[in-house]
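Peer 1: After the structure tokens below, expect a handful of questions from me.
The values are calculated or read from the model by the stated rules, or taken from the named source; none is laboratory data. Given the structure is predicted, the values throughout are model-derived calculations rather than measurements. A quick note on method: Cβ atoms are made from the backbone with ideal geometry, for glycine too, and the neighbour counts reach across all protein chains shown. Areas reflect the complete protein model, heavy atoms only, side chains present, ligands, DNA and RNA absent. Shrake-Rupley method; radii C 1.70, N 1.55, O 1.52, S 1.80 Å.
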Amino acid sequence: MRLWQFHGGIHLTGHKDLSNHTGIIPAKLPKFLILPLLQHIGEPTEPIVRVGDKVLKGQIIAHCFGSDCSLMISAPIHASSSGTVVAIDARPVPHPSALSAPGIVIETDGEDRWTELTAIPDYTRLPAAQVREHIAQAGIVGLGGAGFPSHVKLRSKDIDTLIINGAECEPYITCDDRLMREYPQEIIEGAEILKHTLGGAQHCIIAVEDNKPEAYQALVAAAQGRVEVIKIPTLYPTGGERQLIQILTNKEVGRFQIPASIGIVVHNIETTRAVYRAVTAGRPLISRVVTVTGTGVEKPQNFEVLLGTPMREVIDQCGRKPNLETLIMGGGMMGLALPSDDLPIIKTTNCLIVGQVGELPPPPPPLPCIRCGACAQVCPINLLPQQLYWYCAAKEFKKAQAHSLFECIDCGCCAYVCPSHLDLVGYYRYAKAEIRAAAAERKAADQARQRHEFRLMRLVREKQEKAARHQKSKSNPDLTTF
Amino acid sequence: MLLTIGMLGILSLIFGLLLGYTSVRFKVEGNPIIEQINSHLPQMQCGKCSYIGCHPYAEAIANNEVAINQCLPGGESTMLALARFLDREPIPLEAPEEVVPTKLLAIIDETACIGCTKCIQACPVDAILGAPKWMHTVIAQECTGCELCVIVCPVDCIKMAPVPATLSRWKWPHPSQI
Ligand code: SF4
Ligand code: SF4
Ligand code: SF4
Ligand code: SF4
Ligand code: SF4
């Protein structure tokens, strides 16, 4: 199969050797599971259990509004083990803000007892919509880190190509690599289920970066020609949805388009396995594979972790070294620094990078931009990062937007090569957040203005009515006697 | 509790629809310059500019009766936006100590409320729900934080509190502040 290229990109040290030599092992059952109501992109779920309720593993404990996910960007949350609901309140969530958000806390009973599961014995006999609903009820969202509810992506019509994204281009992360090596059969069958659910897409491609030869071999052996397995060159950020589409099809997804509008849908490796398990075994999304790595742990390792397990406990199981300083959730390039490890593992936690004090020298102080243009050469979207930087730093947000700021995927290639060590992505994130907040504020102000005008009108009308009544009673004195 | 939330939800939906309708049906044909100036103001209707609302202040600006730095809640950004739009010189605000105004929200202590309806009469955006002799409550989404309801309450049961920080409102800080 012919491959194409996207603009720019960078070669990185993978650091994948740290964690990809040993098999995935289950993490221990924790005493408490903390399950935030929002673990995906979209609307938060609503609790359907109460404090004191006994719950079984796999039972839905928080659902989409009205228990109907089909029209919403949301996905239910399940109890990841059996036990008792001991609290429903705000708890710190894994987010750079260090804020809290509502969640459900389960005290586990150690029995790990399943609720009754309903599998689909032969999905090929069911209409696509029904399989999709089953996937929605299983709470499956994009497990590559973005967390977009999968059933929404499966709603697209006229899909010609289904791509399973096995690129895993970010440094340190190896969960998909291990999954492809250990569960190739489940991934291939999951891909076939997805194909059926999309109304029978013509093509199905699994793309694997060539730094994962074992994973590639395993998939080829399992596929037996049912699905096309393609080796692609290792280059960051090949795993970006739009970049991968360009490599495989030479099609560019337009500025305000989603891939589905050109007939393509991309799903992640672990998502595909989750779909397989949900359909063939009725098993909802109650666990995921997490890479725990970095120099802060004795034995980096991939774990199958029950959702809601505190990060601290999983890090302990890898042999926590003293003097830990940094914790990053996600990959080495786009991962987010977390303020503590007293946070639950959620659906989007694919990797934890633990670092020791003094491991990374503090970044050298930023210097002025020398307009060398290195950033523009590596930008996969072909933007002008230094221009964007000038505009964002000067708060010229309109100009930044005119230079396609919102097309930037925060990949960090530009900052990686910048000789002045500028925190370019930091400026883009800041500017995007300010622009979004200003738009929201404008909308709220507009609404307040309307409400105020409405009120003024109402007051005028009430005054007129009062005056009219007054007039009437004057000309009709009989009526005012009582 | 759920019932109250549901009822409030339905009520605000009805009002919202009514509002949308009336704003189209009874659209006031004003002076376009005034309307544009008004569109740069924060619409809190708090009167801190010493006019009785944003629109009157916009009129006064259009008539060149007042400086463009009188809206304190809007802060520097509103002043700069006005300066740019009107092509006038920016002037510093008179209360420089409050550079970034924090957004506030009125909260009624429902157990203390005697249902006098005074706050409803004071609220410029109809953000308070209640009936005579019943407890009153603030529709948090609609409250602009103007504080006008606080002084009129005879039992002092309205407090202003900062709008709580949530994930959806969180913003990435400026790189120099990390
Ligand atoms: S790489 Fe850095 S120094 Fe060079 S042009 Fe881009 S922002 Fe400026
Ligand atoms: S972070 Fe944005 S601007 Fe920088 S290289 Fe990536 S896409 Fe381009
Ligand atoms: S001070 Fe600002 S927000 Fe308050 S009424 Fe005047 S213009 Fe409107
Ligand atoms: S509730 Fe009070 S603070 Fe909020 S808008 Fe109404 S009057 Fe102003
Ligand atoms: S003014 Fe105070 S007491 Fe009167 S209705 Fe409002 S909140 Fe209740």
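Peer 1: Restricting attention to region A:83-95, does a residue exist that is modelled with pLDDT under 95, out of contact with any Leu (no Cβ under 7 Å at 6 or more places or on another chain) and part of a loop (DSSP other than H, G, I, E, B)?
Peer 2: No, because not a single residue in region A:83-95 is modelled with pLDDT under 95, out of contact with any Leu (no Cβ under 7 Å at 6 or more places or on another chain) and part of a loop (DSSP other than H, G, I, E, B).
Peer 1: Another one. Inside region A:274-300, can you point out the residues that are under 16 Å from A:L198 (Cα atoms) and either crowded, with 24+ Cβ neighbours inside 10 Å or not aromatic (F, W, Y) (or both)?
Peer 2: A:V275, A:V279
Peer 1: For region B:77-93, does any single residue satisfy the condition of being away from ligand 3 (no atom under 16 Å from the Cβ), at positive phi and touching a Lys or Arg at 6+ places or on another chain (Cβ under 6 Å)?
Peer 2: Within region B:77-93 (the criterion being away from ligand 3 (no atom under 16 Å from the Cβ), at positive phi and touching a Lys or Arg at 6+ places or on another chain (Cβ under 6 Å)), the answer is no, since none of the residues qualifies.
Peer 1: Applying the selection to region B:148-178, what residues are away from chain A (no Cβ under 14 Å) and surrounded by 13 or more Cβ atoms within 10 Å (Cβ to Cβ)?
Peer 2: Result: B:V150, B:V152, B:C153, B:C157, B:I158, B:K159, B:M160.
Matching residues to (1) closer than 25 Å to A:P237 by Cα; (2) touching a Gly at 6+ places or on another chain (Cβ under 8 Å):
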| residue | (1), (2) |
| --- | --- |
| A:L307 | no, no |
| A:R312 | no, no |
| A:L327 | yes, yes |
| A:L336 | yes, yes |
| A:V357 | no, no |
| A:C372 | yes, no |
| A:C379 | yes, yes |
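Peer 1: Moving to a separate point now. If you check every pair at least six apart or on different chains, which have Cβ atoms under 8 Å apart with a residue in region A:365-392 that is assigned to a helix (DSSP H, G or I) first and a residue that is away from ligand 2 (no atom under 13 Å from the Cβ) and open to solvent by 40 Å² or more (accessible area, probe 1.4 Å) second?
Peer 2: A:A374/A:P419; A:Q386/A:R371; A:W390/A:E396; A:Y391/A:F397; A:Y391/A:K399
Peer 1: Let me ask you something else. Counting only residues that are open to solvent by less than 30 Å² (accessible area, probe 1.4 Å) and under 22 Å from B:V155 (Cα atoms), give me the helices (runs of 4 or more DSSP H) lying completely in region B:52-129 with at least 2 of them. If you could, list the steps in order and put the result at the bottom.
Peer 2: Numbers: elements: B:54-62, B:75-86, B:118-122.
By residue number, B:118-122.
Peer 1: Another question, then. I'm trying to understand the selection: among the residues of region A:96-131, which are in a strand (DSSP E or B) and either hydrophobic (A, V, I, L, M, F, W, C) or open to solvent by 60 Å² or more (accessible area, probe 1.4 Å) (or both)? If you could, list the steps in order and put the result at the bottom.
Peer 2: First, pick out the residues of region A:96-131 that are in a strand (DSSP E or B): A:100-108, A:114.
Across region A:96-131, the qualifying residues are A:A101, A:P102, A:I104, A:V105, A:I106, A:E107, A:W114.
Peer 1: So A:I245 fits all but one of (1) within 30 Å of A:I120 (Cα to Cα); (2) open to solvent by less than 10 Å² (accessible area, probe 1.4 Å); what number is the exception?
Peer 2: Unmet condition: (1).
Peer 1: How do the pairs read when you match residues in region A:426-446 that are facing chain B (nearest Cβ under 8 Å) with residues anywhere that are of a type in the set (A, V, I, L, M, F, W, C) and open to solvent by 50 Å² or more (accessible area, probe 1.4 Å), using Cβ under 7 Å and keeping only pairs 6 or more apart or on different chains?
Peer 2: If the second residue must be of a type in the set (A, V, I, L, M, F, W, C) and open to solvent by 50 Å² or more (accessible area, probe 1.4 Å), the pairs left are A:G426/B:I178; A:R429/B:W172; A:Y430/B:W172; A:K432/A:F406; A:A433/B:W172.
Peer 1: Only one of (1) modelled with pLDDT under 95; (2) over 26 Å from the mean Cα position of the chain (by Cα); (3) not hydroxyl-bearing (S, T, Y) fails for A:I381. Which number is that?
Peer 2: Going through (1) modelled with pLDDT under 95; (2) over 26 Å from the mean Cα position of the chain (by Cα); (3) not hydroxyl-bearing (S, T, Y) one by one, A:I381 breaks only (2).
Peer 1: Now for a different question. Would you point out which residue out of B:L93, B:L129, B:L86 is in contact with a Leu (Cβ under 7 Å, 6 or more places away or on another chain) and more than 14 Å from every other protein chain (Cβ to nearest Cβ)? Give the steps one after another, and end with the answer.
Peer 2: Numbers: B:L129 fails: more than 14 Å from every other protein chain (Cβ to nearest Cβ); B:L86 fails: in contact with a Leu (Cβ under 7 Å, 6 or more places away or on another chain).
Testing whether each residue is in contact with a Leu (Cβ under 7 Å, 6 or more places away or on another chain) and more than 14 Å from every other protein chain (Cβ to nearest Cβ) leaves just B:L93.
Peer 1: So A:M72 fits all but one of (1) open to solvent by 60 Å² or more (accessible area, probe 1.4 Å); (2) aliphatic (A, V, I, L, M); (3) part of a loop (DSSP other than H, G, I, E, B); what number is the exception?
Peer 2: All conditions pass for A:M72, except number (1).
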